[in-house]
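Since the structure comes first, as structure tokens, the remarks are kept for the end.
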Amino acid sequence: MSMLPCFVANWKMNKTGSEALDYLDVLKTSASSLQKAEIILAPAYTTLDRVSTGIRQANLPIRLAAQNLYFEPEGAYTGEISAKMLRDLGCQYVIIGHSERRTHFGETDADVRRKVVAASRAGLTPIICIGEDAREREEGKTLDVVRHQLKEGLAGLKEGDVLIAYEPVWAIGTGKTPTPSEAERVHLTIADYLESEKISCNGIAPRVLYGGSISEGNIAAFMKEPHIDGVLVGGASLSAKTFINLVRLGVAAKESVCTS
Ligand code: PGA
């Protein structure tokens, strides 16, 4: 388990195999910039195999995540993918409960819970996404929503590594964000919750990432907050050059507060 700042590139439903390999080619030219961080790529299912092979062949310091999984281990579930299949492709992580899954595909807290358990059992680290929508924010319910989603998502997880991604739904793909100090307040609440529930791996608290409209212009301010351990990036991660820049800026911002 790593304590390096963590940068997740969530490509969502983007990139063919050749586009994914072009992206890796760009990362290869900047591998040294990636050393001080934990880098996780989350390609679509269809490119996981090629990206996995590309990472291995070039010995890149990059880990692989899937964007989803199904909670049953195997069987008659047409179109679904199990944790074991993802492990077989070299995945170490899996994003669970992204708001787009909850909104467009009707994923419930119970689904999230089952997926977290299935991932963890198979040795995959879940990256659990939580966050309030615009109405909940307006009504001042952010902290309650986040605590509730944590409770539901983590029920059943006895031990093992986990990452939490705080992603306000209204900030995803909109160019809008909370202020870094508003996000820090939520991250602190999440950290307190994890501590009170004794959720840790080998005594180390899970890292908590921020996601939602991260850009080269705002990443430093978020990463300077003490309880923001990394970022989950959607749109801005689609260009390899921009993603490398985000890693550089984010690592530098974290280092500047750690040494000051
Ligand atoms: P965004 O997406 O960076 O494009 O806002 C973040 C996410 O959905 O994880």
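Values quoted throughout were computed directly from the atomic coordinates according to the rules given, and no laboratory measurement underlies them. Owing to the predicted nature of the structure, the values given are computational and were not obtained by experimental measurement. Methodologically, a virtual Cβ is constructed for each residue, glycine included, from the backbone with ideal geometry; neighbour enumeration extends over all protein chains shown.
Looking only at the range 162-193, count every residue that is basic (Lys, Arg) and either within 16 Å of the ligand (Cβ to nearest atom) or under 24 Å from Gln92 (Cβ atoms) (or both) and tell me the total. Walk me through it before giving the result.
Step one: list which residues in the range 162-193 are basic (Lys, Arg), which gives 176, 185.
Now restrict to residues that are either within 16 Å of the ligand (Cβ to nearest atom) or under 24 Å from Gln92 (Cβ atoms) (or both): 176.
Residues in the range 162-193 being basic (Lys, Arg) and either within 16 Å of the ligand (Cβ to nearest atom) or under 24 Å from Gln92 (Cβ atoms) (or both): 1 in total.
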Note to self: With the structure loaded, tell me whether Leu21 is hydrophobic (A, V, I, L, M, F, W, C), in a helix (DSSP H, G or I) and surrounded by 13 or more Cβ atoms within 10 Å (Cβ to Cβ) or whether it fails that test.
What the structure shows: yes
Check: In the range 210-243, what count of residues is obtained for those that are more than 25 Å from Lys28 (Cα to Cα) and assigned to a helix (DSSP H, G or I)?
Finding: 2
Next item on the list: Would you be able to tell me the number of residues in the range 110-137 that are more than 12 Å from the ligand (Cβ to nearest atom) and either out of contact with any helix residue (DSSP H, G or I) (no Cβ under 8 Å at 6 or more places or on another chain) or in a helix (DSSP H, G or I) (or both)?
Entry: 16
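Identify all residues within the range 177-209 that are part of a loop (DSSP other than H, G, I, E, B) and touching a Gly at 6+ places or on another chain (Cβ under 7 Å); write none if there are none. Break it down stepwise before answering.
The initial filter retains those residues of the range 177-209 that are part of a loop (DSSP other than H, G, I, E, B), namely 177-179, 197-200, 202-203, 205-207.
Result: Thr177, Arg207.
Name the single residue that is surrounded by the fewest Cβ atoms within 10 Å (Cβ to Cβ) among those in the range 26-66 being basic (Lys, Arg) and assigned to a helix (DSSP H, G or I). Talk me through it step by step, then tell me what you get.
Applying the first criterion (basic (Lys, Arg)) to the range 26-66 yields 28, 36, 50, 56, 63.
Subsequent filtering for residues that are assigned to a helix (DSSP H, G or I) retains 28, 50, 56.
Values: Lys28: 16, Arg50: 17, Arg56: 12.
That would be Arg56.
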Note to self: Suppose we keep only residues that are small (Gly, Ala, Ser) and over 18 Å from Val146 (Cβ atoms) within the range 85-109. Which one would you say is nearest to the ligand (Cβ to nearest atom)?
What the structure shows: Gly106
Check: Restricting attention to the range 96-147, and to residues there that are exposed (fewer than 15 other Cβ atoms within 10 Å of the Cβ) and small (Gly, Ala, Ser), which single residue is farthest from the chain's Cα centre (by Cα)?
Finding: Gly140
